[in-house]
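Below is one structure, written out as structure tokens; comments come after it.
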Amino acid sequence: MMFSRAREDREEWREALESGGGIDDEKDGDGRRRSAATRADAAEKERAASALAQGVGLTAEGAGASSKAQRPALSAFLSSTFTDTEVERNLLIADVYPYLKKFGRRVGVEFLQPSEMRWGIRSSAADEHATAEICMAEVARCRTLSSGISYVLILGDKFGFARVPAAIEATELDELAAHIAMSDSSSAALIEEWFRLDTNAVPPTYLMRELRADDNRGDFWGRVYPGLRTALRTAADKVLKDDEVRRDYYYLSVTEEEIHHGLLDVPLTERPEQAFIFHREISDIDDVAADDGPDGVSRRLLGNFVDLDADGNHINEEARERLVDVVTQTVLAEIPSTSVKEYQVNFDPASGISTAKHAEYLKQFADDFCRVMMSSMTSIARSARAAASAQDPLLREISSHAVYARSRAQVFTLTSGSEAVLDGAQTYLSSEESQTPPFAVVGESGSGKTSVMAQIMVTAKQEYPDAVVVARFVGTTASSSTGRLLLESLCDQIVLGCGLDEEEGDGEEKQGRGAASFADVVARFLALLARVAADENKASPESDTASPRLILILDALDQLSNDDNARESLAWLPRLLPSPVVKIIVSTLPDDPKRNLGVVSALHKRGIDDLVKVSKLDEKSARDLLRGWLKHVGRTCTAEQEALVVDRTMAGGAKTRTPLFMNIAFNLVRRWHSFTETSSVEHTMRPTVQEMIEALFQRVRLYNGDALVDHALAFVTLARDGLSTNDLEDLISMDDHVLDQVFEWWTPPVKRLPPLLWTRITDDLSGYLVSRGTDDGTTVLAWFHRQFRESQEASLGTQPELVQTAHEALAAYFDSYEATASRATVAKERKVQEQPLYLEDGRINSRKVRMLPYHLQKAGHIARLREVLVDLDFAAAALALDLGFEIVAYWRDLEGGLGEAERAYQAALEQRRANGDLGPAQLRTVAQLMKQMGLYASAAGALKESVNLLQDEASHSSDGDRGQVVRQAREVELGETLLALADILNLSSEYDSAEEAYREARKKLEDQHKNEIPALVGLGEMFVHMGRYEEARELFETALPRAEERFGPESLVVARVCDKLSSLLRTRARFDKNADPESELTESFARRGLDIREKVLGRDHIDYADSCMNMARFLLGVPDAEERIEETREFFAEAKRVKGALLGPDHPDFSQVLYNLAKVEGRLGNFEEAEHLYDQALAGWRKSLGDDHPFIATGQEAKAFLLIDLGRYEEARRCLEECIAVRKAKFGDQHPRYIAAVETLRDLDKKDGGEGDNAANAADNAGDADNTGDADVDRDGLNSDGDSDHDDANDSDGDSGCGSLKTRDLPSTVDAASASHSLDRRKPSQAKPSQAKLNAIKPECDGSPGRGGGV
């Protein structure tokens, strides 16, 4: 090693890494400083954005668009001859590239290791003479992918390998061969032997024959290849003497050809940003070469640094002259001097260039290279920041979809399956009918649906040039993967493309910008559609100011994530469009219950019933598709080959008559030559899509190696959230089994996967593996077609060892190899990037938090999984990402369950106490987890200790201004902790302590106006539990308008208040005989809360389950409850599904669901099932909450009613006696629920022949004697239907009590700072608020039946 320390450990470079090259210090008035180029370019970007927003670029001849990755990347091709630059390249790999990856993460640019042509090209490629083709393809890929430098040339004193063209157009070679035959029959024979005509190429081309197993490779490279080169050059000098460009083609070296593609083909103005030259000259090379005596330098060593003639003893002057010409007249003349670094060195007789003799030069070279790349990445980062502040993310989003649309439309061929869809779309677009639904297309995976949608886009822009065409291929970018991001992007493009001023729009338009909820974004989207229609209707036909026609085309709704329930409900998609000037065309896969995919059903529910189906291919269409695709890539096939493909397509029936089957076949056929015997490839034309996919995989394995392909694709398929290119290179670089097969030519100084190898695999699977962005901007790879993923999963199902290996590798990678010291050492040696919990810019590494425990569990590494879960820093990061339920789920799956989790976290706290580093934050982390596990006692204990620590810190803070600031901060933190504690105490029915904590929290937070609404709701909820209904009502009705004003009418905070109001009104009506039932108001609040949570959170969130519970409990008590019992059961079943999955069977909230389902079964007459459910619920509560919790009273009372109906009076009496005892201890003898239970027992005594003595005794045994005989309680007594609609088991709804503090106290869509306000310190009034006041905050409902009344 030349350097004893890694570059990031050296002072100068460590400081540069920490500062990000100073990028954070360069700001303008808006917080960033834009470069002169960026400022000069701003107007042009504005015009480009406007044009793209209107749909320009969707047509093949439209404006260009960027196809850069979601996160800007720097990907450079490193060009040079091999033997003379080995030391420099080794130094870059060992010292520079690892540092640049870290620097890239620091500034937000993905640095992809430059491609190395000397390692990564397999012998099979060399045998097929494909080396030059691979190199040029890699140069082109880097130019496309890189946002900065894409080509780096290291020039020395060697011209390099002079190749023989592997492909020569037939007309040209025929002419050359005729000339050769006239003068050199032996050379003519070589041409005839080694070049074969391929008429499948367009135009027909001669290809150099590949080397076969029985060929003499020594003879080929020593005699045949030089003979071919000489013959072709001699003929070209004569035949092509008037065409210098074509003649020169036969003299190019591989490096010179790279220079043409990477530098000279780049527009002159772009070269300074895209290319850089490092030019090293050996000053004394002529002297060294001249000394050919016994003491001179070995000719073999000399040949590594300069081209020698045929005898190997003297410098090849022809090659030297050509090198000088390339350097002086081509390269250095075509690039500014600022993009060139030049070095002069002397030759080391021992090794030419050595780290010992050339240390100063090598250090300078490495430092220069590093600075050049850092400068480029810094420039990329600045441009990205400037773009982010100037709406350029929208421009990039539009561009990405425009590029994707064109790539699909360019190869589109009209088929029988697509013609009907195109005709239907054209009819729809030209229709002037009002109030029409969107046009919907449905097609199976592989049916060509996406290409049809791309063609619709192109046609729409051609037919309606003044229209604003907005196109999205859902799931192909991060901003089109979720409902929220998709609609935000659509809204921004509509505003820009249609020239709307949202300041002139209504409140919904304005509210949707930076909205707190998905519902707000939906409202903005619909308002903008209406605005476009209104503007068009207001304008006269002659007016130039009329808003253009708006056409939205959304492909693959099935690829939309179900966050916010965007996919399953489609509540954001208009049922009817406001005007014929606004059109929407969507597409989706058919419904598939196995994959939880039901977009077609959702469309039907939205009233969109006339779906147009993409039909199967007929024979003519299959033939046309194949011909069209081959033409697009400059290929054709023989009639016999075409017949083979088309016949196999038709023979397979409906499953093979699809464009996907044809596309896989095309990707095989495009590599067939006209001289390829049909019999030799017939076996690749398989009878099903899945078998065709396997045939394609086999071809990829053949050209890239079995181990590499199998392991790489296993990682892609099994990784939970996808992998980036750098991830895959790192993972495989730790796989010795793969690397042993990779290094055929040369073993690098750092044993890593050659980047080129993975690039070749992705090229071979282009169109099937696609890049997608994650929430944190990382670009990851994923399967585009479902069948490819399923094929890989099926294959992995037969390779359990590979699956195990892959999960272990993924777990170790995201664990930064912390569990194994030896592997950590290897990872460091191989420059594998670390996966810290917090990234260089301070963000949580969300991919680590999601991936690490998942793959540890899959790998069966349970001991390490326990260590990770109990790590309080990791747990805090998971909670911050709202992943607390995942942590709970992992614990629940372990053998020790939640009990083990409780003990483990207590032990972690104890360890921190012993070490003296336990703080309030760690205690709150444990409290949040205990709360989500339903372990309220442990949660309360942790929060109480946190309160004590905060009080102690506040009391010991120093005097002065700084001490005052610290005290104020501690007071706020203390108030928030008290509020969390109050919630836990409330859930634990410790009402006196909870009320004290709530009031203390209000006092602490009053001056800072923190957590006003959560505190109001929490205290109100507690008052409901205590039977103090009017106090609770005043708190809730105070909270609701404040929540609507502060967070929006459809925010999660509003949903929570609505649930609480509904629960309050329902409970009060049940137990207060004089109270107005207010059923209509109660239902409207319940439905509003449910609708908001369903839209914002989706149907798999715990808060949605709580709203289902609330709605169902209301339905149990309505006058027509029997008629709506199935609807009630459906809501409870939904709650059971969600809570069972998230909480597990031991959580008290899951027992609550069972309890309510028991009530429903009792009403339906399923008494045995009802009793079983009651017993399950009671057992769960006893296990989690203890025997004295009010839920026990609730369950026993409800079970008692059931037993009474069954005539089992003695068992019922025992249930009621326990119920009375618990309620007396918890609530006292004046609580209506206590009184109701005593009254029920008295009625039971009378029915059973007694005089109520048992009821009196039960009351006495519960505590002091009570006077319940005169209690005026509205109860049905023994005629009850078994409905015990009271106690906390029913009325702690709206919140499960297990949601994360983030979603319960400060919902995820609410900024913590803005959500925090003080409670009103007035004592809640006992007076009943007026009906007018409550009606004023009555929620608006759309009147639609059932759940999810949409926009």
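How many residues, within the stretch 1142-1165, are touching a Ser or Thr at 6+ places or on another chain (Cβ under 8 Å) and within 14 Å of F1131 (Cα to Cα)?
Total meeting the criteria: 4.
Could you list, in sequence order, all residues of the stretch 603-645 that are of a type in the set (A, V, I, L, M), surrounded by 14 or more Cβ atoms within 10 Å (Cβ to Cβ) and not in a loop (DSSP other than H, G, I, E, B)?
Correct list: L603, L611, V612, A622, L625, L626, L630, L644, V645.
Find the residue count for the stretch 506-548, including only residues that are open to solvent by 20 Å² or more (accessible area, probe 1.4 Å) and either modelled with pLDDT of 80 or more or assigned to a strand (DSSP E or B) (or both).
4
Within the stretch 1221-1233, can one find any residue that is over 30 Å from L898 (Cβ atoms), assigned to a helix (DSSP H, G or I), in contact (Cβ under 8 Å) with a residue 24 or more places away in the chain and not aromatic (F, W, Y)?
yes
Out of the residues in the stretch 1074-1090 that are open to solvent by less than 20 Å² (accessible area, probe 1.4 Å) and of a type outside the set (G, A, S), state the one that is farthest from V1053 (Cα to Cα).
If we take residues in the stretch 1074-1090 being open to solvent by less than 20 Å² (accessible area, probe 1.4 Å) and of a type outside the set (G, A, S), then E1078 is farthest from V1053 (Cα to Cα).
Looking at V750 and the list (1) at pLDDT 80 or above; (2) open to solvent by less than 10 Å² (accessible area, probe 1.4 Å), which single condition is not satisfied?
V750 satisfies all of (1) at pLDDT 80 or above; (2) open to solvent by less than 10 Å² (accessible area, probe 1.4 Å) except (1).
Within the stretch 1182-1193, how many residues turn out to be closer than 14 Å to L1241 by Cα and of a type outside the set (G, A, S)?
So the answer is 0.
In this structure, does S253 turn out to be within 49 Å of the chain's Cα centre (by Cα) and crowded, with 18+ Cβ neighbours inside 10 Å?
Taking the combined requirement at face value, the residue satisfies it.
Restrict the check to the stretch 1031-1042 and report whether at least one residue is touching a Pro at 6+ places or on another chain (Cβ under 7 Å), open to solvent by less than 20 Å² (accessible area, probe 1.4 Å), part of a helix (DSSP H, G or I) and of a type outside the set (D, E, K, R).
yes
Just the residues that are open to solvent by 20 Å² or more (accessible area, probe 1.4 Å), in contact with a helix residue (DSSP H, G or I) (Cβ under 8 Å, 6 or more places away or on another chain) and of a type in the set (A, V, I, L, M), please, taken from the stretch 137-161.
Matches in the stretch 137-161: A137, A140.
So in the stretch 660-699, with the set limited to residues that are assigned to a helix (DSSP H, G or I) and of a type in the set (F, W, Y), which one is nearest to D764 (Cα to Cα)?
That would be F697.
Evaluate the stretch 312-323: report whether one residue or more is within 20 Å of V152 (Cα to Cα), of a type outside the set (S, T, N, Q) and free of Cβ contacts under 8 Å to residues at least 24 places away in the same chain.
No, every residue in the stretch 312-323 fails to be within 20 Å of V152 (Cα to Cα), of a type outside the set (S, T, N, Q) and free of Cβ contacts under 8 Å to residues at least 24 places away in the same chain.
Can you confirm whether the stretch 866-885 contains a residue that is assigned to a helix (DSSP H, G or I), over 30 Å from V96 (Cα atoms) and among the acidic types (D, E)?
Checked the stretch 866-885: at least one residue is assigned to a helix (DSSP H, G or I), over 30 Å from V96 (Cα atoms) and among the acidic types (D, E).
Which count do you get for residues in the stretch 1043-1066 that are of a type in the set (G, A, S), over 19 Å from N1110 (Cα atoms) and not in a helix (DSSP H, G or I)?
Final tally of qualifying residues: 1.
So which residues in the stretch 1160-1205 are in contact with a helix residue (DSSP H, G or I) (Cβ under 6 Å, 6 or more places away or on another chain) and of a type in the set (A, V, I, L, M), if there are any at all?
Passing the criteria: V1160, A1170, L1173, A1177, L1178, L1185, I1192, A1193, A1200, L1202, L1203, I1204.
Report yes if S283 is modelled with pLDDT under 90 and touching a strand residue (DSSP E or B) at 6+ places or on another chain (Cβ under 6 Å), otherwise no.
Considered against the rule, which asks whether it is modelled with pLDDT under 90 and touching a strand residue (DSSP E or B) at 6+ places or on another chain (Cβ under 6 Å), S283 comes out as no.
Within the set of pairs 6 or more residues apart or between chains, which connect a residue that is free of Cβ contacts under 8 Å to residues at least 12 places away in the same chain inside the stretch 477-489 to a residue that is open to solvent by 10 Å² or more (accessible area, probe 1.4 Å) and part of a helix (DSSP H, G or I) with Cβ atoms less than 9 Å apart?
L485/A478; L485/S479
In the list T328, T355, which residue meets the criterion of being open to solvent by 60 Å² or more (accessible area, probe 1.4 Å) and assigned to a helix (DSSP H, G or I)?
Sole residue among the options that is open to solvent by 60 Å² or more (accessible area, probe 1.4 Å) and assigned to a helix (DSSP H, G or I): T328.
Just to be sure I understand, how many residues within the stretch 694-716 are open to solvent by 10 Å² or more (accessible area, probe 1.4 Å) and under 26 Å from the mean Cα position of the chain (by Cα)?
The number of residues fulfilling the criteria is 2.
Tell me, which residue of the stretch 673-693 that is in contact with a strand residue (DSSP E or B) (Cβ under 7 Å, 6 or more places away or on another chain) and surrounded by 15 or more Cβ atoms within 10 Å (Cβ to Cβ) is nearest to A811 (Cα to Cα)?
H673
Right, F82: open to solvent by 10 Å² or more (accessible area, probe 1.4 Å) and either under 30 Å from K828 (Cα atoms) or modelled with pLDDT under 90 (or both) or not?
In short, yes.
Okay, residues lined up against (1) open to solvent by less than 30 Å² (accessible area, probe 1.4 Å); (2) within 30 Å of F77 (Cβ to Cβ); (3) out of contact with any Phe, Trp or Tyr (no Cβ under 8 Å at 6 or more places or on another chain):
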residue: F788; (1), (2), (3): yes, yes, no
residue: Q804; (1), (2), (3): no, no, yes
residue: H807; (1), (2), (3): yes, no, yes
residue: T820; (1), (2), (3): no, no, yes
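Among the residues of the stretch 559-568, which ones are surrounded by 23 or more Cβ atoms within 10 Å (Cβ to Cβ) and not aliphatic (A, V, I, L, M)?
Once the filter is applied, which keeps residues that are surrounded by 23 or more Cβ atoms within 10 Å (Cβ to Cβ) and not aliphatic (A, V, I, L, M), the stretch 559-568 yields D564, N565, R567.
For residues in the stretch 412-451 being at pLDDT below 80 and crowded, with 19+ Cβ neighbours inside 10 Å, which is nearest to the chain's Cα centre (by Cα)?
Here the answer is F412.
What is the number of the single condition among (1) closer than 30 Å to H785 by Cβ; (2) touching a strand residue (DSSP E or B) at 6+ places or on another chain (Cβ under 9 Å) that Q364 does not meet?
(1)
Just for helices (runs of 4 or more DSSP H) wholly inside the stretch 114-229: which have at least 3 residues that are modelled with pLDDT under 85?
Passing ranges, in order: 123-127, 131-145.
Is it the case, given these coordinates, that R924 is over 23 Å from V1138 (Cα atoms), basic (K, R), open to solvent by 20 Å² or more (accessible area, probe 1.4 Å) and part of a helix (DSSP H, G or I)?
Answer is yes for this residue.
The values are calculated or read from the model by the stated rules, or taken from the named source; none is laboratory data. Since the model is a prediction, treat every value here as computed from it, not as a measurement. In this analysis, Cβ positions are derived from the backbone assuming ideal geometry, glycine residues included, and neighbour counts consider all displayed protein chains. All accessible areas refer to the heavy atoms of the entire protein, side chains included, with ligands and DNA or RNA removed. Shrake-Rupley method; radii C 1.70, N 1.55, O 1.52, S 1.80 Å.
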